[in-house]
Each structure stands twice: as C-alpha cells, then as structure tokens.
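The values are calculated or read from the model by the stated rules, or taken from the named source; none is laboratory data. As the structure is a computational prediction, the values presented were derived from the model and not from experiment. Heads up, the Cβs are rebuilt from the backbone with ideal geometry, glycines too, and the neighbour counts pull from every protein chain shown.
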Amino acid sequence: MCRSIAESATVPESCELGCNVVIENDVIIGEGTAIGHGSVICQGSIIGSDVTIAQNVVIGKRPASGAASRRKVKDVGPLRIGDGSIIGACAVLYAGSVYGKKVMVADLATVREGCTVGDESIIGRCVSVECNTSIGQRARIQTATHVTGDMTIEDDVFIGPGACSTNDRKILGKDKHHKGPVLKKGCAIGSNACILAGVTVEEGALLGAGSVATRDIAAGEVHVGVPARLLRKVEE
Amino acid sequence: MCRSIAESATVPESCELGCNVVIENDVIIGEGTAIGHGSVICQGSIIGSDVTIAQNVVIGKRPASGAASRRKVKDVGPLRIGDGSIIGACAVLYAGSVYGKKVMVADLATVREGCTVGDESIIGRCVSVECNTSIGQRARIQTATHVTGDMTIEDDVFIGPGACSTNDRKILGKDKHHKGPVLKKGCAIGSNACILAGVTVEEGALLGAGSVATRDIAAGEVHVGVPARLLRKVEE
Amino acid sequence: MCRSIAESATVPESCELGCNVVIENDVIIGEGTAIGHGSVICQGSIIGSDVTIAQNVVIGKRPASGAASRRKVKDVGPLRIGDGSIIGACAVLYAGSVYGKKVMVADLATVREGCTVGDESIIGRCVSVECNTSIGQRARIQTATHVTGDMTIEDDVFIGPGACSTNDRKILGKDKHHKGPVLKKGCAIGSNACILAGVTVEEGALLGAGSVATRDIAAGEVHVGVPARLLRKVEE
C-alpha cells in the first residue's frame, strides 16, 4: 500500500485511493472521489467531488515541447475536473484544461492544455484532443478520433469512431495560421471522416463515413465522398 | 519491491511478479505466469498458465459509463485469459471478456466487456475493441484499428492497420439498433478502410485500402473506393 | 517514495526520479535526466543527459510475438536515447531502436525495435511505429499516425494526423515480402491519408488529406483522391 501524498494536498477522508497513487503539491480533491492504483495527480490539479479516476492515469501533466515544435511552452494554469466525472485507465490529461460535470474521458485518451469540455460530454477511448479546443455539452466523440487544436465543437455534436480533423491547410507553407474546424450544434461526423482546417459544419448537418470535408456544409445537408459533395438533405 | 497482493488471490510460487504489481481479491493466476512492473489485476480475474503480462497493464477493469452513454453498466462476469497468451504494455482489458490460448493483445490496446477472442488471434498495438464483439481463431487485427461493438470477426480474418468499423447507420436518428459488420472466414480488410454497420464481407473477399464498404461484398470479390465498388475477383 | 533501482544501473545523483520508478539491471542514465512517477526503464537501456521521461512510461521493452505472428523474436540490442530528448506519458519504446538528440516522442506513442529516429524529430501522441523503420532529422509525425515497418522517412518530412502506411500489398498472398513506403526529403502527407507498400513520395511532393497513394508521386506534385491522382504542381 505504497502511496505518496504531498502534505500540501487536500484529500478528504471520504476519498478512496488505490495502491501506488501519487498526489503532488497543492492538489485539491473533493469529497467521495476515487483514484485507482498507479495514478498520478500532478501539482496544482483541482478535482471535484464524486469523480472516478481509473488506474495508471496521469492528471495535470505540464506541457513540454520538442525541439522542432512551433508552439512554446507557457504557464497554462491548473487542470480542473467537475463533479461526477469519470476518467479512464491510462488517460493523459494536461494542466490548463477545464472539464465540466459528469464528463467522461475514456481509457487511453489524451487532452492537451487550453481546452474546455462541457457537462456530460464523452471523449472516447484512444481519442486525442490538441490544444485550445472548445467542446460543448453532451458532445459524443467516439473511440480513436483525433480532434485538432483551435477547434470548436458545439453542444450535442456526434463524431464517429476514427474521425480526424486538421487546423493547417498549407502544410508546406511557412506562414502558419492555425484555424480548426467549427462543428455547429447537433451536427454529426461519420466514422473515419476527415474535416480540414477552417471548415464549418452547420447545425444538424452530416458528413458521411470516410469522407473528406474540404468546404463548409450547410445546415441539414448530408455530404459524402473524397472530397465531400452534397448527397441529399437530412431526413426529418 | 512494493507489491499489493490480496490474501484471497491465488498466485502460485512459479509466477514472476514485477515491482509495484497490484493483485486484487479473488484473482486466480496459473503456473508460470509473469506480470510486469506496475500492472494491476482487478478483482476476480482468471488468468491461465504461462501467460506474459507486460508493464503498466490494467486487467479486468469494470465498466463505467458516462452521463450521456446509452449503455447501462451491468455485472459482466470475470475476465478470463487462456494459457500462453501475451498482453502488451499499458493495455486495458475489461472484465467480462474471454480470451483463448496463445492470444496476443499488444501494447496500448483496449478491449471492452462481453467479447470473445479465439486461440492464437492477434490484437495489434493501439487497437480498440468495443463491447460484445466475437473474434475467431488466428484473426490478425493490425495496429491502430478500431473494432466496433456487436461485430463478428471469423477465423483467419486479416484487418490492416488503421481500419475502422461502425455499428450504427442512422447516427442522427433516435431509435437505435446496433448491428456491427460481419467479417467471414479468411476475408481481408485493407489499411485505413471503413466498414459500415450491418455490412457482411463474405469468405475470402477483400476490401481495398482507404475504401468505405457501404454494402455487402460477395465471396472472393475485391471492392475498392469511396463508396466501395467491385474491382475484380480475387486472384487464385 | 517507493523505487526499485538495480545495483548494476548507473544513475547519477543529478538525475531526478519520481515515485515508483523501476530501473532494471545494466541501465545507464546520463547527467540531469528526469524520470516521472511509475516509469520503468528495462534492462540495458542507455539514456543520455538532460532527457525528460514523463510518467508511467515503459522504456526498453523486449519484443514478444504472438503465436500467429510472422516475425520471430531475436536479440535486438539496447535502446539508446540521445541527449535532450523528451518522452511522453504512457509511451512504450522497445529495445533495439536508436533515438538522436532532442527527439520528442509524445504521450501514448509506441515505437518497435530496429528503428532509428534522427535529431529533433517529433513522433506525436498516439503514434505507432513498427519495426525497422528509419526516420530522418526534423521529421514531424503528427498525432495518431501509423508508421509501418521497413519504411523510410527522410529529413524534414511532415505527416499529418491520423495518416497510415502499409508494407504488404498482397494481403491474401502467402509469399510475403515487406517493403514500406519511402518518403523523400521534405515531402508532406495529409491528414488521414494512406500510403501503400512500396510507394515512393519524392522530394517536396504532397499527398492530400484522406487520399490513398497506390503509385509513386513525382517531386513537387500534389496528388489527391482514392486512389490518388495528379491534381497540380506544388505552389512555389
């Protein structure tokens, strides 16, 4: 029952801690939260009540960039997780992102800094979310999807498994301007589809499985193909 | 050499246990099995003889659903792993699935509850398998593939890296009926291909790389494209 | 503060070690290197100076094959990581690969044996790299990409998120000859694109997002579609 809990951490007696849990300085944990074996809560993280954190999770990792990365590391503020959320095994969540209530981040998923995730949204297993992306409430991002940085995902959006998105149209260019796609309320992205930088998918629209969206999709339209073209209107 | 082994667990002396291993209540482990550093074996898991479990693995995780998930959590029974199987590092395997003999589940792969995996099948690195999927013997599911729930993969099926599958055709609809694809004996799915809900790929058929299968593929046929169409017969 | 450090390991006092770190026999670590909580450094690994290794990482894992795998396990030599490199959380790196200086391997990425990775290259989050692949200097392999075995990626290559590659064209055939793609200096691969076995992408060429490259792409050309065809020349 080897654990390491910093003296400056706030860990109520109602919390359930697994073996080999590490809690660093200045962490604040709410009542009734459970942390699985081998999980690490990094310095300054703020975790709500009744949160369930599975095994071998890393919470509140600070960003570190490689030599060739174009983003600089800065102080990103603490990670915050809302009440009743669930974090899966081997997930890696960065400092500087804020999660609402009853959010689910599944196993082996990872979310970078600067993101917001609304109440009751699901980030599926093996999903990767880059920096500074905004995710609304009740969004469902399914397994193995890649969510790029500087992207907007509104309430009730559905993204099928294995979908992909980008925030950079001129990949051979030198002047970089990152602009992620915008997915409006209640739209749906099919499995293994790809949404290019700057594309807006309007309310209730649908991009078919395996399609590549190179231009905006109007509200209520279904687009399919590589590149995606109008197929029909969404059935009522 | 910090370990936590429950008194009610059965761990023969012939087992080799790494540092920081956690074995919960009522676990049963066979002779000659090795468990790597930092791995967690959850309550009630049943592991055969001569199994190799790598480092930082989570075995027998119990399901937990997010607020917006449409599946309810139920008692799923124990996880069972057959003799001579190999489980990779940082893999996450749920309770309630049964693995045959000499199965390989590679690093960072994850398999949900209610699945069966036949003898000598390979589940590659970073593969995600959803609930209630049946995988036959000697199947080879390559790296980074997503296998949906309620899917059938028969003996000797090959799935290339990065392929994807879905079990839900009406993603904007409200009445949900999940029906995963059926991959018949010895068929092959190309890299980065996508197989939609309800599609059957017959024996020995082939779906090309990057293609999207929206309809059934007859035995011995090669289909390619988005959506996939007949290209030719498989060469003998 | 539970740690297990083998007596035969070389760990300078200037190293910073987290809780529950395991360092096996004959490991050699340089000055000023930091290893996060729960990380495992396997036998014989050679790690440079000022390397940052995050939490729950597995470094120097020895290969193990499943019953149906066509590759045999052999002695692959030690893993070597150059000075100033950064390794992300829950990454799994095999023995027998050599990393240059200031390399970044991000969270949840995994690289098999027999690979070389040049100075200042980035291997993104959730990327999987198979055996015997050569990666040059300053390559940027983005999140969730699958890099096949026996592949060549030259200096300054860019691969967008979720791309895929294969080293086997005759997936139903019995005589296997693996030949990964060759990506020449400074070429770029779009997000979710797929490059088939044996394809060469020449210098400065570009494969569009979601495209499938079935044939070679000449220097300075842009190819798109499934299968990919010439669209235009790269703009100067």
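Among the numbered conditions (1) at pLDDT below 95; (2) over 29 Å from C:E130 (Cα atoms), tell me where B:G180 comes up short.
So B:G180 meets the others, but not (2).
Within region A:1-15, restricting attention to residues that are surrounded by 13 or more Cβ atoms within 10 Å (Cβ to Cβ) and within 13 Å of another protein chain (Cβ to nearest Cβ), which residue is modelled with the lowest pLDDT?
Among residues in region A:1-15 that are surrounded by 13 or more Cβ atoms within 10 Å (Cβ to Cβ) and within 13 Å of another protein chain (Cβ to nearest Cβ), the one modelled with the lowest pLDDT is A:C2.
Of all residues being among the β-branched types (V, I, T) and at pLDDT 75 or above in region B:64-83, which is farthest from A:G36 (Cα to Cα)? Just the residue, please.
Looking only at region B:64-83, we keep the residues that are among the β-branched types (V, I, T), and these are B:73, B:76, B:81.
Next, from what is left, pick out any that are at pLDDT 75 or above: B:76, B:81.
Working: B:V76: 20, B:I81: 22 Å.
This residue is B:I81.
Name the residues in region C:73-91 that are within 10 Å of chain A (Cβ to nearest Cβ), of a type in the set (A, V, I, L, M) and either surrounded by fewer than 24 Cβ atoms within 10 Å (Cβ to Cβ) or closer than 20 Å to C:G136 by Cβ (or both), would you?
Of everything in region C:73-91, those that are within 10 Å of chain A (Cβ to nearest Cβ), of a type in the set (A, V, I, L, M) and either surrounded by fewer than 24 Cβ atoms within 10 Å (Cβ to Cβ) or closer than 20 Å to C:G136 by Cβ (or both) turn out to be C:I86, C:I87.
Which of (1) at pLDDT below 95; (2) in contact with a Lys or Arg (Cβ under 6 Å, 6 or more places away or on another chain) does C:I46 not meet, given it meets every other one?
Here C:I46 meets the rest and fails (1).
Select, from B:G186, B:G208, the only residue that is over 13 Å from A:N192 (Cβ atoms) and surrounded by fewer than 24 Cβ atoms within 10 Å (Cβ to Cβ). Steps first, please.
Working: B:G208 fails: surrounded by fewer than 24 Cβ atoms within 10 Å (Cβ to Cβ).
Criteria check complete, one pass: B:G186.
Any residue at all in region A:168-181 that is part of a strand (DSSP E or B) and closer than 22 Å to B:G210 by Cα?
Applying the first criterion (part of a strand (DSSP E or B)) to region A:168-181 yields none.
So far as region A:168-181 goes, no, none of its residues is part of a strand (DSSP E or B) and closer than 22 Å to B:G210 by Cα.
For B:S121, work out the one condition from (1) of a type outside the set (A, V, I, L, M); (2) surrounded by 23 or more Cβ atoms within 10 Å (Cβ to Cβ); (3) closer than 19 Å to A:A209 by Cβ it doesn't fulfil.
Evaluating B:S121 over (1) of a type outside the set (A, V, I, L, M); (2) surrounded by 23 or more Cβ atoms within 10 Å (Cβ to Cβ); (3) closer than 19 Å to A:A209 by Cβ leaves (3) as the failure.
Counting only residues that are buried (at least 24 other Cβ atoms within 10 Å of the Cβ) and in a loop (DSSP other than H, G, I, E, B), which one in region C:16-26 is farthest from the other protein chains (Cβ to nearest Cβ)? Give the steps one after another, and end with the answer.
Step one: list which residues in region C:16-26 are buried (at least 24 other Cβ atoms within 10 Å of the Cβ), which gives C:20-23.
Among the residues that remain, those that are also in a loop (DSSP other than H, G, I, E, B) are: C:20-21.
Details: C:N20: 5, C:V21: 9 Å.
Taking the candidates together, the pick is C:V21.
Considering only region B:78-91, state which residues are touching a strand residue (DSSP E or B) at 6+ places or on another chain (Cβ under 9 Å) and either basic (K, R) or part of a loop (DSSP other than H, G, I, E, B) (or both). Give the derivation first.
Step one: list which residues in region B:78-91 are touching a strand residue (DSSP E or B) at 6+ places or on another chain (Cβ under 9 Å), which gives B:78-82, B:84-91.
If the condition is that a residue be touching a strand residue (DSSP E or B) at 6+ places or on another chain (Cβ under 9 Å) and either basic (K, R) or part of a loop (DSSP other than H, G, I, E, B) (or both), then B:P78, B:L79, B:R80, B:G82, B:G84, B:S85, B:G88, B:A89, B:C90, B:A91 are the ones that fit.
Matching residues to (1) in contact with a Ser or Thr (Cβ under 7 Å, 6 or more places away or on another chain); (2) within 30 Å of B:T148 (Cβ to Cβ); (3) among the polar types (S, T, N, Q):
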| position | (1), (2), (3) |
| --- | --- |
| A:E24 | no, no, no |
| A:I28 | yes, no, no |
| A:T52 | no, yes, yes |
| A:A64 | yes, no, no |
| A:G82 | no, yes, no |
| A:V98 | yes, no, no |
| A:D107 | yes, yes, no |
| A:I123 | no, yes, no |
| A:V127 | yes, yes, no |
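Select from region C:141-167 the residues that are more than 24 Å from C:K61 (Cα to Cα) and not hydrophobic (A, V, I, L, M, F, W, C) and write down the one among them that is farthest from the other protein chains (Cβ to nearest Cβ).
Among those residues, the one meeting the criterion is C:E154.
Looking only at region C:92-131, which residues are facing another protein chain (nearest Cβ under 8 Å) and in a strand (DSSP E or B)?
C:V92, C:M104, C:T110, C:I122, C:S128
How many residues are more than 12 Å from chain B (Cβ to nearest Cβ) and within 17 Å of A:E154 (Cβ to Cβ) if we restrict to region A:184-220? Outline the logic, then answer.
First pass over region A:184-220, keeping only residues more than 12 Å from chain B (Cβ to nearest Cβ): A:184-185, A:195-202, A:213-219.
Pick out the ones that are also within 17 Å of A:E154 (Cβ to Cβ) and you get A:184-185, A:195, A:198-202, A:213, A:216-219.
Going through region A:184-220 one residue at a time, the tally reaches 13.
If A:Q137 satisfies every condition in (1) within 8 Å of another protein chain (Cβ to nearest Cβ); (2) surrounded by fewer than 24 Cβ atoms within 10 Å (Cβ to Cβ); (3) in contact with an Asp or Glu (Cβ under 6 Å, 6 or more places away or on another chain); (4) not small (G, A, S) but one, which is the exception?
Unmet for A:Q137, out of (1) within 8 Å of another protein chain (Cβ to nearest Cβ); (2) surrounded by fewer than 24 Cβ atoms within 10 Å (Cβ to Cβ); (3) in contact with an Asp or Glu (Cβ under 6 Å, 6 or more places away or on another chain); (4) not small (G, A, S): (1).
Which one of A:V212, A:V182 is among the aliphatic types (A, V, I, L, M) and within 27 Å of C:A205 (Cα to Cα)? So that I can check it myself, show each step before the final result.
On the way: A:V182 fails: within 27 Å of C:A205 (Cα to Cα).
Of A:V212, A:V182, the one residue that is among the aliphatic types (A, V, I, L, M) and within 27 Å of C:A205 (Cα to Cα) is A:V212.
Keeping to region C:95-117, report how many residues are within 27 Å of A:Y94 (Cα to Cα) and surrounded by fewer than 24 Cβ atoms within 10 Å (Cβ to Cβ). Don't jump to the end; show me each part of the working.
To start, the set of residues in region C:95-117 that are within 27 Å of A:Y94 (Cα to Cα) comprises C:99-112, C:117.
From the residues that got through so far, the ones that are surrounded by fewer than 24 Cβ atoms within 10 Å (Cβ to Cβ) too are C:100-102.
The total comes to 3.
Out of A:I35, A:I59, report the one residue that is farther than 28 Å from B:C164 by Cβ, free of Cβ contacts under 8 Å to residues at least 24 places away in the same chain and over 12 Å from the mean Cα position of the chain (by Cα).
Values: A:I59 fails: free of Cβ contacts under 8 Å to residues at least 24 places away in the same chain.
Exactly one of A:I35, A:I59 is farther than 28 Å from B:C164 by Cβ, free of Cβ contacts under 8 Å to residues at least 24 places away in the same chain and over 12 Å from the mean Cα position of the chain (by Cα), namely A:I35.
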